[in-house]
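Reviewing the structure listed below.
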Amino acid sequence: MVNLLDLNLTGLTEFVVGLGEKPFRAKQLLRWIHQYGETDFAKMTDIAKSLREKLQNVAKVALPALITEQISDDGT
């Protein structure tokens, strides 16, 4: 599965074109992911249902995992 957070606009455009979609879909996805913070494709309502279904099978929006957390003596 491709993590869409790993792709910039150029990479995302190439990805959606590779799925047989129009290039403007990349900007729609970027807006949903980066402006609205949405990770669930089903909630991206202005994207065609057929594309949302494709994305469910081949892509994800996964935040990086926290490796370590360090808290200073003053709590920051």
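Below is a table of values for the structure above.
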read-out	value
Qualifying positions in the stretch 44-76 - assigned to a loop (DSSP other than H, G, I, E, B) and among the small types (G, A, S)	A48, A62, A65, S72, G75
Hits in the stretch 1-60 (condition: open to solvent by 70 Å² or more (accessible area, probe 1.4 Å), among the hydrophobic types (A, V, I, L, M, F, W, C) and touching a residue at least 12 places away in the same chain (Cβ under 8 Å))	M1, L9
Of all residues in the stretch 61-76 being on the phi < 0 side of the Ramachandran plot and open to solvent by less than 100 Å² (accessible area, probe 1.4 Å), the one that is nearest to the chain's Cα centre (by Cα)	V61
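The values are calculated or read from the model by the stated rules, or taken from the named source; none is laboratory data. Source: prediction; values computed, not measured. Here Cβ is always computed from backbone atoms with ideal geometry, including for glycine, and neighbour counts include all displayed protein chains. The protein model used for the area step is the full one, side chains on, heavy atoms only, and it has no ligands, DNA or RNA in it. Shrake-Rupley method; radii C 1.70, N 1.55, O 1.52, S 1.80 Å.
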